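The values are calculated or read from the model by the stated rules, or taken from the named source; none is laboratory data. Worth saying up front: this structure is predicted, and the values here are computed from it rather than measured. No Cβ is skipped: glycine too gets one built from the backbone with ideal geometry, and neighbour counts run over all protein chains shown. Ligands, DNA and RNA are excluded from the accessible area calculation, which covers all protein heavy atoms including side chains. Shrake-Rupley method; radii C 1.70, N 1.55, O 1.52, S 1.80 Å.
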Amino acid sequence: MSRIFNFSAGPAALPLPVLKHAQQELLEWRAAGASVMEVSHRSADFIELADAAESNLRKLLQIPDEYEVLFLQGGATNQFALMPLNLAAEDEVIDFVVTGSWGKKAMAEAGKLRRTHLCASGAESGFNAIPKPDQWQSSADPAYIHWTPNETIGGVEFLEPPELPDTVPSVVDMSSTILSRPIDVTRYGAIYAGAQKNIGPAGLTVVIIRRDLLERSPASLPLTFSYKHQAAKDSMLNTPPTFAWYLAGLVFQWLLDLGGLEEMGRRNQAKSQLLYGAIDGSQFYSNPVEVGARSWMNVPFTLAEPQLDKVFLEQAAQAGLMALKGHRSVGGMRASIYNAVPLEAVEALVAFMHEFEKRHA
Ligand SMILES: *Cc1c(COP(=O)(O)O)cnc(C)c1O
């Protein structure tokens, strides 16, 4: 068996030590005589695992006590609906800043449930830049403002969160950038992320939410939709995705063991600089995103001759470099270089790109 270098946008690469650990105890977890998938989520062992995962995530992100951490299902897409249902009353407006496809989707879903207001959009720059926060046109009294710290498809990232008034909570979709470097959680009212990019396998969704905002959840919501109720039940209102929770816990431990998010941030910066440097240093590859908004996690690039895309992908695959095809909506290439993608993978990609350019340009 040989593992390839995996640049998949999601579900994405998982750290090899985590997979090996899981493999080693797959058949028999602790003294259970069964796998972790085959035991009750209410057993003492599982509850201990769940608590340890939460406490390690709190350590990594330095999540203060006044925030609740929820381990839910349904993906980020489900939160596009649950955030409005929990945090905005029926007569309230939600502000949206749209810097790409996921923000657009989040706003469209919220629009089915509540009034929405587009307070800024990256459309003018072809979604290749972040509109200047001092030009955002907020509504008078929004329930919250929603934005997407990293747009996974366009490769546009807020490298710093915008300065916004504290009176309006920021709700952010961090699916493709959470845990990539340190953040200041107190800048946000709520953070959500599907697990399958930087946390663990698909099926788990993490929501980090300031406790006072839980009071907004209407009592009329169905229980599984209610953040307040999920928090009261420690995310075990019903059966949680136990295996995904377990693997996420292993990923958190792996991150702590290698030095936490400061170290991860250094690694991710080095990886992304290497790749953008190779793109910018060539006449053959290009990335359209404004330099101050380039994602550390998802790097889209195009070839000077798009008719070579297919050959590029075929030869990359032969060289063990997989899942480099750009999203169907934009074409070209995209290298997703999440936490679990090592520097060696980016070095191998850059070497391949040089070779390919020499042969074809
Ligand atoms: C992948 C992704 C989503 C969709 O996540 P699901 O878990 O499939 O719902 C939403 N937002 C962002 C930023 C993403 O990267």
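Given the criterion buried (at least 20 other Cβ atoms within 10 Å of the Cβ), in contact (Cβ under 8 Å) with a residue 24 or more places away in the chain, in a loop (DSSP other than H, G, I, E, B) and of a type in the set (A, V, I, L, M, F, W, C), identify the matching residue among 341, 346.
Just a single option satisfies the conditions, and that option is 341.
Take residues that are in contact with a Ser or Thr (Cβ under 6 Å, 6 or more places away or on another chain) and among the hydroxyl-bearing types (Ser, Thr, Tyr) and tell me which of the helices (runs of 4 or more DSSP H) falling wholly in region 197-279 contain 1 or more.
Helices (runs of 4 or more DSSP H) meeting the threshold: 227-232.
Based on this model, can you work out whether residue 172 counts as without any contact (Cβ under 8 Å) to a residue 60 or more places away in the chain and either within 12 Å of the ligand (Cβ to nearest atom) or assigned to a strand (DSSP E or B) (or both)?
yes
From the list 202, 248, which residue is open to solvent by 10 Å² or more (accessible area, probe 1.4 Å) and either at pLDDT 95 or above or away from the ligand (no atom under 16 Å from the Cβ) (or both)?
202
Have a look at 329, 282 and point out the one that is touching a residue at least 12 places away in the same chain (Cβ under 8 Å), loosely packed, with under 13 Cβ neighbours inside 10 Å and farther than 21 Å from residue 14 by Cβ.
Matching residue, one of 329, 282: 329.
Does region 139-146 include one or more residues that are crowded, with 18+ Cβ neighbours inside 10 Å, free of Cβ contacts under 8 Å to residues at least 40 places away in the same chain and more than 16 Å from the ligand (Cβ to nearest atom)?
no
So is residue 53 part of a helix (DSSP H, G or I) and within 16 Å of the ligand (Cβ to nearest atom) or not?
Against the criterion (part of a helix (DSSP H, G or I) and within 16 Å of the ligand (Cβ to nearest atom)), residue 53 does not qualify.
Mind counting the residues in region 102-121 that are out of contact with any Phe, Trp or Tyr (no Cβ under 8 Å at 6 or more places or on another chain) and in contact (Cβ under 8 Å) with a residue 40 or more places away in the chain?
Qualifying residue count, region 102-121: 1.
From the list 97, 93, 69, 156, pick out the single residue that is away from the ligand (no atom under 12 Å from the Cβ), at pLDDT 95 or above and crowded, with 21+ Cβ neighbours inside 10 Å.
97
Looking only at residues in region 179-196 that are touching a strand residue (DSSP E or B) at 6+ places or on another chain (Cβ under 9 Å) and part of a loop (DSSP other than H, G, I, E, B), which one is nearest to the ligand (Cβ to nearest atom)?
195
Criterion first (of a type in the set (Phe, Trp, Tyr) and farther than 24 Å from residue 11 by Cβ) does residue 246 satisfy it?
No: the conditions fail for residue 246.
Among the residues of region 286-295, which ones are open to solvent by 10 Å² or more (accessible area, probe 1.4 Å) and not in a helix (DSSP H, G or I)?
Hits for region 286-295 are 286, 287, 288, 290, 294.
Only one of (1) open to solvent by 10 Å² or more (accessible area, probe 1.4 Å); (2) more than 12 Å from the ligand (Cβ to nearest atom); (3) aliphatic (A, V, I, L, M) fails for residue 81. Which number is that?
Condition not satisfied by residue 81: (2).
Which of the numbered conditions does residue 28 fail, given that it passes all the others? Conditions: (1) in contact (Cβ under 8 Å) with a residue 60 or more places away in the chain; (2) away from the ligand (no atom under 16 Å from the Cβ); (3) surrounded by fewer than 19 Cβ atoms within 10 Å (Cβ to Cβ).
Going through the list (1) in contact (Cβ under 8 Å) with a residue 60 or more places away in the chain; (2) away from the ligand (no atom under 16 Å from the Cβ); (3) surrounded by fewer than 19 Cβ atoms within 10 Å (Cβ to Cβ), residue 28 breaks only (1).
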